[in-house]
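The values are calculated or read from the model by the stated rules, or taken from the named source; none is laboratory data. Just so it is clear, the structure is predicted and the values come from calculations on it, not from any experiment. Cβ placement follows ideal geometry from the backbone for every residue including glycine, while neighbour counts extend to all protein chains displayed.
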């Protein structure tokens with residue numbers, strides 16, 4: 001166990017060191033505070049969308065016997081791009097004026113944007129970096145990992161793109177969370193198994209993570225999430241988890 005933790009710690013340390021070197025090099029080239037252009041902001045919004053797509057695909061892992069298959073691992077980019085889970089994720093992430101089929105397996109996944117997706121040795125963790133290949137003195141970059149959170153980085157002396165906040169404004173929020181299909185499993189158990197709340201930003205990758213969490217309780221043969229627009233608010237989402245309990249379900253004794 002300690003050896004595994006050391007390997008993961010070393011993996012994260014090397015990744016952060018590489019990111020720091022990249023930022024320091026870019027900072028050395030920056031001469032003055034510079035604001036991002038409109039074209040750069042559009043490209044940054046595309047980058048955030050691609051990261052959401054990757055996170056959603058990584059979490060769209062198959063289950064076996066009602067639980068996430070322990071043999072399933074996060075995939076490197078050249079494998080993930082052609083995996084069935086990536087095709088499933090495409091329907092959950094919205095793009096405007098961008099053809100997902102144009103993504104490349106190479107480091108430069110679209111013209112001007114480079115991706116570094118690093119998988120831990122045990123395949124249970126990943127870190128990704130997506131940023132501009134060449135953008136003068138103030139390139140942008142975004143970071144994420146298996147938690148599904150997205151971080152925006154900036155070169156010292158340059159203004160941040162500010163697109164993560166804008167992307168959140170463009171995204172829906174969750175107005176309601178429902179469960180369907182449970183009979184013997186207490187509702188309180190379902191709520192304790194997920195981490196999302198009403199009012200959270202709707203992120204497809206995080207919904208997939210919650211599906212995985214429900215599957216890993218071991219109580220269900222199948223779990224799926226269905227999302228629909230809230231007809232009352234028009235700018236929010238209703239998330240419904242449909243579960244199918246195991247026929248031989250044995251619940252732990254509760255006081």
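Some observations on this one:
- Taking first residues from segment 226-240 that are more than 20 Å from residue 179 (Cβ to Cβ) and partners that are modelled with pLDDT of 90 or more and part of a strand (DSSP E or B), the Cβ contacts under 7 Å between residues at least 6 apart in sequence or on separate chains come to 233/175.
- Search result, residues across segment 116-139 that are in contact with a strand residue (DSSP E or B) (Cβ under 7 Å, 6 or more places away or on another chain) and farther than 27 Å from residue 60 by Cβ: 132, 133, 139
- Pick from segment 79-111, criterion in contact with a strand residue (DSSP E or B) (Cβ under 6 Å, 6 or more places away or on another chain) and assigned to a loop (DSSP other than H, G, I, E, B), ranking: surrounded by the fewest Cβ atoms within 10 Å (Cβ to Cβ): 107
- Annotation note: Cβ proximity below 8 Å between a residue of segment 88-109 that is on the phi < 0 side of the Ramachandran plot and a residue that is in a loop (DSSP other than H, G, I, E, B) and exposed (fewer than 13 other Cβ atoms within 10 Å of the Cβ) (sequence gap 6+ or interchain) occurs for 105/82; 108/133.
- For segment 114-151, taking the residues that are at pLDDT below 85 and closer than 28 Å to residue 194 by Cβ, the one that is surrounded by the fewest Cβ atoms within 10 Å (Cβ to Cβ) is identified as 147.
- Selection within segment 120-135 - assigned to a loop (DSSP other than H, G, I, E, B), in contact (Cβ under 8 Å) with a residue 40 or more places away in the chain and more than 13 Å from the chain's Cα centre (by Cα): 120, 121, 122, 123, 124, 135
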